[in-house]
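Following: one structure in C-alpha cells, then a few remarks.
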Amino acid sequence: MKSAVTISLVPETKGGPFVFSDGLAEGCAAAASLGFDAVEVFPPGAEAVDRAVLRGLLDRHGLKLAAMGTGAGWVARGLNLTLPDPARREQARDFIRGIIGLAGEFGGSAIIGSMQGRWGGEVSRDQALGWLQESLGELGAFAAKWGVPLFYEPLNRYETNLLHHLGETARWLQAGGVGNVRLLADLFHMNIEEADFGQAIREAGAYVGHVHFADSNRRAMGFGHTQTAPAIQALRQIGYAGYLSAEVLPWPDSLAAARQTLEAIRWATQSP
Ligand code: LER
Ligand code: MN
C-alpha cells in the first residue's frame, strides 16, 4: 500500500479536511520531503490547474498523482449529480468530466464525493439513485479513455442520504451494471456508518479502489480512537495495493498531521 496526502487549491475549503492548502508548489515540496509517494489534489476546476506546472512539480519531486477531488463543483458552484434541474445535472457532469480528463493525464482518478448530492423535496430516493447510477455509468466509461477508474465515495449520514455503506454500494453498482467505478473507503465516514471495518472492506472486495486514511475525529490517523488493524488486515485480504491517502484536518498543523499520517501508515503496514 502506498501513501498520499491531500492538497486543496480551493479557498472555500479552509478549515476542511485537507493537509496542505498553501498552493501546489508548497504542498508537493512538503509531501516529497516527508516521503509521501503521491499527492491527492482538490482543484477549483479543471481549468484552474496548469498542466505543465503540475507535471513539473510531480517530476521534480518524484511524486505520483493519486487522485483528484471534484467537490469544488458543489462547494463553490452548487452543482451535483442529483439536482432536479437536468441542465444543472449536466453542468455537474461536465465539471466532473473536466477533472477526469485532467487527473487522467497524470494517471490519477477523479473522486465523486459531495458531488453525489442527496434526495429530498421534489426528488425521491429512487429518482436520485437512478440519476446517480446513470451518471456514474457514463463518467466511468469516460474515465476508461485514460485507463483509470472513477472513484465513488459513500459518505456519512450528515453529508448525504443516498448510500452510506461499502457493501451495499458495491452490490448496487454491480446490479446496475456500472462499469469502471471503484469505491473510495474513507475510514472517517466508515467509523460513523459501518458496524465493522473489516467486514465492510471484505464485502466490497475488488470494488475498493482508494482509501482515505483518517481517524475517528478526522484528524491524522493516531490522533483519534480508530484501530487501524482490522481495516489494514481486510485490505491485505482483498489484495488492495492502492493508496492510503491523508484526507484529514491540518491539526495541530499541516506538517504535524502529515508526519503523523506517515508514521501511522508505517506502523499499520509493517505490523504483522
Ligand atoms: C470527500 O473525500 C469527503 O470525504 C467528503 O466528506 C466531502 O468532503
Ligand atoms: Mn473522503
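A short reminder: the numbers here are calculations on the coordinates, not readings from a lab. Small disclaimer: the values here were computed from a predicted structure and weren't measured. For neighbour counting, all protein chains shown are included, and Cβ atoms are generated from backbone atoms with ideal geometry for every residue, glycine included.
Quick look at the numbers
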quantity: Potential lengthening between Ala48 and Arg171 on full extension [0.36 nm per residue; Cα-Cα distance subtracted]; calculated: 40.7 nm
quantity: Given charges at beta-carbon only (K, R positive; D, E negative), |dipole| of segment 38-85 in Debye; calculated: 180 debye
quantity: Rg over Rh, two decimals, segment 2-270 (C-alpha only, Kirkwood Rh); calculated: 0.94
quantity: Helical mean residue ellipticity (222 nm; -39500 (n - 2.57) per DSSP H run of 4+; nearest 500) of the chain; calculated: -13000 deg cm²/dmol
quantity: Span-rule helices in the chain, defined as complete DSSP H runs reaching 20 Å or more along the axis (Cα) with Kyte mean at least -1.0; calculated: 86-105, 125-143, 254-270
quantity: Reachable lysines from Lys2, criterion Cα separation under 23 angstrom, eight or more residues apart if same chain; calculated: Lys64
quantity: Spin-label zone in segment 138-180 - amide nitrogen under 13 Å from a point set 7 Å from the Cα of Ser124 along the C-beta vector; calculated: none
quantity: Computed label-point distance, nm, for sites Leu255 and Lys145 using a 7 Å Cα→Cβ extension; calculated: 4.3 nm
quantity: Compactness relative to 2.2 N^0.38 Å, alpha carbon Rg of segment 61-106; calculated: 1.34
quantity: Restricting segment 129-190 to trypsin sites (Lys or Arg not before Pro) in coil, as DSSP defines it, with at most 15 other Cβ within 10 Å; calculated: Arg157
quantity: Mean-position separation - Cα centroids, segment 141-157 and segment 218-252, in angstrom; calculated: 20 Å
quantity: DSSP bridge orientation in segment 2-270 - percent antiparallel, rounded to nearest 5; calculated: 5 percent
quantity: Additional length obtainable on full extension of the chain from Ala87 to Glu263, 0.36 nm per residue less Cα span; calculated: 58.8 nm
quantity: R0 of 45 Å, Cβ-Cβ distance Gln227-Glu105: FRET efficiency to nearest 0.05; calculated: 0.75
quantity: Rg over Rh [alpha-carbon atoms, Kirkwood Rh] for segment 83-228; calculated: 0.97
